[in-house]
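Just below is one structure, and these are the notes that go with it.
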Amino acid sequence: TESESDLSLQIISDISEKDTTKLNVLSENNKEQIEKLTETAIKNADASEESAELIAKVVAVASDELANKVVEEVSKSSTEEKQTLSAQVLKAIVDTEPNKLEVINEDIKDTLIKQTIESAQNQAEGTGVQVIEDMTSIVSDIIVNTDTETGSKMIEELNNTESESDLSLQVISDISEKDTTKLNILSENNKEQIEKLTETAIKNADASEESADLI
């Protein structure tokens, strides 16, 4: 059916919730149709928390191949007015089934991380499509709740962005507030990246009470 509704997404998410194996069985039987359904589902999804949670339900129970297909489609759709979709989905996967990130292709994962940081950067600078969601909070949530390797990749991508905004300070302050040990763990794992993040954070901070409180 030709439709721009989220019916396809609602259905594959519902199937995943009701029977954790059915989608994989159907995919083995007719891979082409399930892939087409997945493409339509992601293409018509909006960049909302609700859509991201529906997608994460599918990823949580999907086979490695199907999970990669879903996430790849997310990375393709996360552009223009849907630029925050990657961030929302990454957060939802980390909240739902964080271990699933281990089976996601590294290139696809790197793209999701890049898109997530870019969305947060755009919000901090007031450029691109502005969204209601607090992107800083989404970034720090992912870093706090994911494995050390993914968290380190997020920090590295944050360091790679050229910006004079206080995003770096907002993020490390947020991490410190949500988890008192995470920053130290990440620093032990990659001291150089955390030091670079700290330098940028302080360099871009202004001499306000708010910045001082974050520091």
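The values are calculated or read from the model by the stated rules, or taken from the named source; none is laboratory data. Here the structure is a predicted model, which is why all the values come from computation and not from measurement. Using ideal geometry, Cβ is built from the backbone for each residue, glycine included, and neighbour counts are taken over all protein chains shown. Areas reflect the complete protein model, heavy atoms only, side chains present, ligands, DNA and RNA absent. Shrake-Rupley method; radii C 1.70, N 1.55, O 1.52, S 1.80 Å.
Key figures
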| quantity | calculated |
| --- | --- |
| Nearest 10 degrees, 0 to 90: helix 49-61 Cα axis against the chain principal axis | 60 |
| Sulfur and carbon atoms: percent of accessible area, the chain [1.4 Å] | 43 |
| Separation of alpha-carbon centers, region 8-29 and region 56-123, rounded to whole Å | 19 |
| Net charge of Cβ neighbours under 15 Å - reference ASN105; Lys, Arg +1; Asp, Glu -1 | -3 |
| For the chain: accessible area per residue (Å², 1.4 Å) | 52 |
| The chain: proportion of alpha-carbon pairs further apart than 31 angstrom, % | 23 |
| Reachable aspartates and glutamates, given that their alpha-carbon falls under 16 Å from the alpha-carbon of LYS36 and they are not under 8 places away in the same chain | GLU2, GLU4, ASP6, GLU28, GLU65, GLU72, GLU73 |
